[in-house]
Amino acid sequence: MLFLHEIRRNPLLWLLIFVPVVFVAEMRKPEAHVILFFLSVLAIVPLAALLSLATESVAAKTGDSIGGLLNATLGNLTELVIALAALRAGQIMLVKASIVGAIVSNSLFMLGASFLLGGLKHHTQEFNPVNAHLQMTQLFLASIALLVPSAIGGAGAVTASQFTQHLSLCLSILLLTTYGLGLLFSLKTHREFFGSAVTEVNEESLWPLSVALPTLAVVTVLVALISEVFVDSVQKAALTLGMSSAFVGFIVVALVGAAAEMTAAFSAARKNRLDLSVSIAMGSAVQIAMFVAPVLILASYVIAPTPMNLQFWPGSIVMALIAAISATLVTNSGKSAWFNGVLLLTVYLIFAITLYLLPPSS
Amino acid sequence: MLFLHEIRRNPLLWLLIFVPVVFVAEMRKPEAHVILFFLSVLAIVPLAALLSLATESVAAKTGDSIGGLLNATLGNLTELVIALAALRAGQIMLVKASIVGAIVSNSLFMLGASFLLGGLKHHTQEFNPVNAHLQMTQLFLASIALLVPSAIGGAGAVTASQFTQHLSLCLSILLLTTYGLGLLFSLKTHREFFGSAVTEVNEESLWPLSVALPTLAVVTVLVALISEVFVDSVQKAALTLGMSSAFVGFIVVALVGAAAEMTAAFSAARKNRLDLSVSIAMGSAVQIAMFVAPVLILASYVIAPTPMNLQFWPGSIVMALIAAISATLVTNSGKSAWFNGVLLLTVYLIFAITLYLLPPSS
Amino acid sequence: MLFLHEIRRNPLLWLLIFVPVVFVAEMRKPEAHVILFFLSVLAIVPLAALLSLATESVAAKTGDSIGGLLNATLGNLTELVIALAALRAGQIMLVKASIVGAIVSNSLFMLGASFLLGGLKHHTQEFNPVNAHLQMTQLFLASIALLVPSAIGGAGAVTASQFTQHLSLCLSILLLTTYGLGLLFSLKTHREFFGSAVTEVNEESLWPLSVALPTLAVVTVLVALISEVFVDSVQKAALTLGMSSAFVGFIVVALVGAAAEMTAAFSAARKNRLDLSVSIAMGSAVQIAMFVAPVLILASYVIAPTPMNLQFWPGSIVMALIAAISATLVTNSGKSAWFNGVLLLTVYLIFAITLYLLPPSS
């Protein structure tokens, strides 16, 4: 009944009809890649919207930090499931591109669009700079950890590849440890630093936990299932539509994979809860870099044909570093207006245009 | 009469005598490059001083932000005219060097010398950090946009050069759009952020707008005319005087081209109006990167023998990025003392010494 | 009597027994490198502790800035003496590695461990961000000066090496000049900016100046003598123990060379005098980069077989820049908690692990 109420209120949820359509189409016409690509995108959008509503309900009851963490975890669960499927199929290049693409999309596009959308509605907005600063520093640090093997392993010969593999393993464990300590810090020992600057919640639109929690779980599974159809079809659809494979990995997969978090971050920004937006966008970028990437390295030893390492295409590391520095500069003050969003989106567009124009051989 | 009064008060203006001398010398002895070089520098200095007086008068009546923008526009008009002449002559290397040189000179030398000169007179000075921070972020972003084609195009073959050309065109339009939105932001929607921290103007030394505006116009034209003589002579004079062509492009052309803004910025710093200095120096650097450079790319399709792209000598992009980061670090607090100036000037000297010692083949 | 009191109070000082043991062992068994290596480390630790007590006593009587400067000077005197010995022996690679290693160790390990140790005892700690910010900016600037010859000289031929040599000489003089001006600024003209944020000193544990100053002098000489034994043995001991030469230069020599300052910085952090810790750690890093390195370049013309230049292994410059940026990000707010230390130590561990795993050929 609560769902019917939401569906009547929110026209976006009408797209939920595409969820069964995708599954039927995938069984009937598994070779219609372009159609499956568009259908799966159409099905992910309303699921993302549902996820956003559920997460906000939980977040309102647990505080923005835990709410944001929860949101980022469930959002990145999708990305983790997609990446694991690609790993199993041996598509290591796509996994690496989608890791860096997710970092760049979250810290430039998601954060930038949140600032822009929030700024168009509210003259200036505030957020907790302590939280933002901690996450920027972690993102910068994680980018460095991802940079080192590429910078040094690139020079190498036969021994270099073994060196890169050992180094990737050690750095993965180091990143996971630091990430765990960071959670201990922000959720336990120094929790008071991370309170929201502004918390005005519209109580009436919230769901009780008994509805919100199961919804979170079921919708996440549905997103994961449809994302697999999406990944299956996206590469071939891209070829048909004339996009380079770098553009697909960095931009398309990353944007669709983060659709759930984006809807939540944008909606929070419009509601002047910029703390939640920043928490979702940056928390998600940090979690991809410090949690998802190391877990994929470790998992690759078990499930992939060959183990994955942390050696990335140099250009992609430059993008991750620039994204971290840009986000740091723009969020430095704890205040935001619409032009902050324009600045981040411009950096994102610079990358997107470059990747789109890149000749196929690269 | 107002002019006679100023000329009596300000001995620098006596150098105005060199303005007609340059034109005569250029007609009589167009091959005396070293003499024309020194004469044109001597003529530009007093014109720059006049420009500074006129700009301060206008700035005092319109607020520091618009005044600074006006100043930067008219100063960079000179640089634009010089660069257009060089483009017509097909001297694309010189144009590129002078673009990066202007960014580096403004954000290191002009800003650094303003801090030093102001700091020697006033113990500590304050300026509006919001304005400075916004311009730093834009400068950093523009440097990234200029970096990307060089970083990726350098690897390339035949297709790469076409890719670089397309990319340069797209990024130029993107930069111009963001620059326009930035003006909308700082002059319209969020104007209140950009008020000065300190505004004590010595009212008696100001000109009325009816004198200041025509002076601005006439003097700018004169500067442009003499700058062309200067550019004609500087390359050959440099050879005679034993300077490398990199040093000429990055240091000499950039310093003389910005003489007008420098006089204004230094004089404002001495008068404890550091907001105006920062506004002139950083505004000018941002405008070169986000307005002049893209306009030159677009103009090169119409007036140049071959179109220009955004692929720079890698070392020059490193200099622009380091200049942006250094200026960001030093202006971070909104306070300044003489040593802030020393720090920026040291970075500038590191670049100038390196370019001066560079072997001619490079 | 004061010494007996301290020795009874502080069990660490019992290790002073190893000071004569090192000298005896070195005379009797100069070829027992592994033993000499461990003995010299064991002897340096208590001397470092004494130095820490003496420095805190002087610092308490002269203000944290001068106290920190004094501490950094005497600590770096050790490193200077070690490096001069290595220069005399023509070991230029080791000198260069230890310079960059000292910068990285001080700004990541010493600062990070101070934040961690202080943060485990005190919930949050404050320090003067003006002082920290000035030193970060100087460190960043010095890293740039060290970067430029490597970035440009690397491309070169025969002329390039002469160019690098000239450039190194000019930049050394420039760095020394800026360093001197920085001292003038922080100790003379703008002294008031650099007062401590917190100064609660336990008066009873302080020594009078008549004891502290001679102790400082004598202990520094002893540290220098033993450090020479250490450097003599460390390379061969490292080979026996299976460490790469890069790891020895960047990590082992730098950590042991800075043992004295570390004990002082850690003890100050535990006593909630974080200003002194930051002053020691960053002041020492700046002094290595802007004072010790240029002095070694100039000295190499007199005492070394071939003059030294500022051309470093590119990876080492990347490490110095990342160290400077990481320290800037983490100290930005003037507040610290234990996780700030974890972040800096993680970056340090990333470098240490990479250097440790590096194949011997690199």
Restricting the first residue to region C:138-149 and requiring it to be under 10 Å from residue B:354 (Cβ atoms), which pairs with a second residue that is part of a helix (DSSP H, G or I) and among the hydroxyl-bearing types (Ser, Thr, Tyr) meet a Cβ separation below 8 Å and a spacing of at least six or different chains?
-> C:145/B:346; C:148/B:354; C:149/B:354; C:149/C:164; C:149/C:168
Hey, could you check region A:24-34 for residues that are without any contact (Cβ under 8 Å) to a residue 40 or more places away in the chain and outside any loop (DSSP other than H, G, I, E, B) and say which is surrounded by the most Cβ atoms within 10 Å (Cβ to Cβ)?
-> A:25
Tell me which residues, restricted to region A:149-166, are modelled with pLDDT under 75 and under 30 Å from the mean Cα position of the chain (by Cα).
-> A:149, A:150, A:151, A:152, A:153, A:154
Look through C:345, C:349 and report the one residue that is surrounded by fewer than 24 Cβ atoms within 10 Å (Cβ to Cβ) and free of Cβ contacts under 8 Å to residues at least 40 places away in the same chain.
-> C:349
Within region B:237-254, residues touching a residue at least 60 places away in the same chain (Cβ under 8 Å) and either assigned to a loop (DSSP other than H, G, I, E, B) or among the basic types (Lys, Arg) (or both) come out as B:243, B:244
From the set of residues in region C:124-136 that are facing another protein chain (nearest Cβ under 9 Å) and buried (at least 24 other Cβ atoms within 10 Å of the Cβ), which is nearest to residue C:320 (Cα to Cα)?
-> C:136
Criterion (at pLDDT below 80 and assigned to a loop (DSSP other than H, G, I, E, B)) met by exactly one of A:200, A:204 | A:200
Could you tell me whether residue C:118 is in contact with a strand residue (DSSP E or B) (Cβ under 6 Å, 6 or more places away or on another chain), crowded, with 22+ Cβ neighbours inside 10 Å and either more than 12 Å from every other protein chain (Cβ to nearest Cβ) or at positive phi (or both)?
-> yes
Would you pick out the residues in region C:161-190 that are within 7 Å of chain B (Cβ to nearest Cβ) and either closer than 14 Å to residue B:354 by Cα or surrounded by fewer than 14 Cβ atoms within 10 Å (Cβ to Cβ) (or both)?
-> C:163, C:166, C:167, C:170, C:171, C:174
Set A:309, A:340, A:332: member being facing chain B (nearest Cβ under 9 Å) and either under 21 Å from residue A:170 (Cβ atoms) or buried (at least 22 other Cβ atoms within 10 Å of the Cβ) (or both) | A:340
Could you list, in sequence order, all residues of region C:215-236 that are touching a Leu at 6+ places or on another chain (Cβ under 8 Å), over 11 Å from residue C:41 (Cα atoms) and not hydroxyl-bearing (Ser, Thr, Tyr)?
-> C:216, C:219, C:222, C:224, C:232, C:235
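The values are calculated or read from the model by the stated rules, or taken from the named source; none is laboratory data. Predicted model, so just to flag it, every value in this text is computed and none were measured. Virtual Cβ from ideal backbone geometry, glycine too; neighbours counted across all protein chains shown.
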